[in-house]
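Colleague: To start, I am sharing the structure in question, which I have written as structure tokens.
The values are calculated or read from the model by the stated rules, or taken from the named source; none is laboratory data. As the structure is a prediction and not an experimental result, all values here were calculated from the model. All Cβ positions, glycine included, derive from the backbone under ideal geometry; neighbour counts span all protein chains shown. What goes into the accessible areas is simple: the full protein's heavy atoms, side chains included, and nothing from ligands, DNA or RNA. Shrake-Rupley method; radii C 1.70, N 1.55, O 1.52, S 1.80 Å.
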Amino acid sequence: LYGYQFACAGDIMRSYSGWVPADVTKYQNWMRNVWYPLAHQFLYWHDGTCSTYIWANWDLCSMDSVMAIGILCDDTNIYNEALTYFKTGVGNGNIEQNVYFMHPGYLGQGQQEGRDQGHSGLEVSLVGVFCSMAYNHGDDMFAYENNRVLSLCEYFAKYNIGQDVPFLF
């Protein structure tokens with residue numbers, strides 16, 4: 001969960017005058033050599049389980065970390081790995097697995113719905129972080145697949161303001 005936060009903080013700090021280029025490089029290497037392998041490995045190994053066994057939030061944390069590290073390290077291959085996983089990955093972070101059912105009215109039921117609102121909210125938050133990073137780099141994942149992420153947000157918001165939403169087990 002903290003990998004993307006460290007990477008984002010490092011990216012902000014790049015412009016801090018107290019960090020000389022050697023400090024930036026050292027931080028980038030730490031993120032690339034310690035954090036990236038863990039996030040990358042999780043997305044393709046899933047702790048040795050079936051790729052869809054683990055909740056979406058685990059994939060989303062790893063995807064956010066991979067993308068943020070790619071941005072911090074100016075590495076388009078790492079950045080694109082995260083984008084590709086969002087679109088076609090094998091686990092529940094893939095947008096079609098994450099928002100696995102579209103109800104009438106274009107309400108997207110997320111994989112974490114029906115669990116508890118803390119986890120559902122984290123799902124919305126983590127996919128929002130992912131889409132915001134991508135958007136800031138010219139890739140609009142909010143709009144991907146006819147605004148599928150936004151349909152997830154609408155479903156979550158409607159439920160949390162007390163409106164009825166359909167639910168599929």
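Colleague: Among what's in region 76-128 and is acidic (D, E) and buried (at least 16 other Cβ atoms within 10 Å of the Cβ), pick the residue that is farthest from the chain's Cα centre (by Cα).
Modeller: E113
Colleague: Is it true that M13 is open to solvent by less than 60 Å² (accessible area, probe 1.4 Å) and either at pLDDT 95 or above or out of contact with any strand residue (DSSP E or B) (no Cβ under 9 Å at 6 or more places or on another chain) (or both)?
Modeller: No, not satisfied.
Colleague: What are the pairs with Cβ atoms under 6 angstrom where one residue, in region 1-25, is more than 29 Å from L122 (Cβ to Cβ) and the other, located anywhere, is part of a helix (DSSP H, G or I) and open to solvent by 50 Å² or more (accessible area, probe 1.4 Å)? Sequence gap at least six, or different chains.
Modeller: W19/M13
Colleague: Could you tell me which numbered condition V165 fails, if it satisfies all but one of (1) among the β-branched types (V, I, T); (2) more than 19 Å from the chain's Cα centre (by Cα); (3) within 25 Å of I69 (Cα to Cα)?
Modeller: Of the numbered conditions (1) among the β-branched types (V, I, T); (2) more than 19 Å from the chain's Cα centre (by Cα); (3) within 25 Å of I69 (Cα to Cα), the odd one out for V165 is (3).
Colleague: Here's something else I'd like to know. Specify the residue that is nearest to F130 (Cα to Cα); the eligible residues are those in region 24-57 that are out of contact with any helix residue (DSSP H, G or I) (no Cβ under 8 Å at 6 or more places or on another chain) and among the charged types (D, E, K, R).
Modeller: Result: D47.
Colleague: Quickly run through region 145-168 and pick out the residues that are closer than 29 Å to D74 by Cβ and surrounded by fewer than 16 Cβ atoms within 10 Å (Cβ to Cβ).
Modeller: Result: E145, single match.
Colleague: Answer yes or no as to whether F42 is of a type in the set (F, W, Y), open to solvent by less than 10 Å² (accessible area, probe 1.4 Å) and touching a residue at least 12 places away in the same chain (Cβ under 8 Å).
Modeller: So F42 fails the test.
Colleague: For F142, which of the numbered conditions (1) in contact with a helix residue (DSSP H, G or I) (Cβ under 7 Å, 6 or more places away or on another chain); (2) open to solvent by 20 Å² or more (accessible area, probe 1.4 Å); (3) assigned to a helix (DSSP H, G or I) fails to hold?
Modeller: Tallying (1) in contact with a helix residue (DSSP H, G or I) (Cβ under 7 Å, 6 or more places away or on another chain); (2) open to solvent by 20 Å² or more (accessible area, probe 1.4 Å); (3) assigned to a helix (DSSP H, G or I), F142 fails exactly one: (3).
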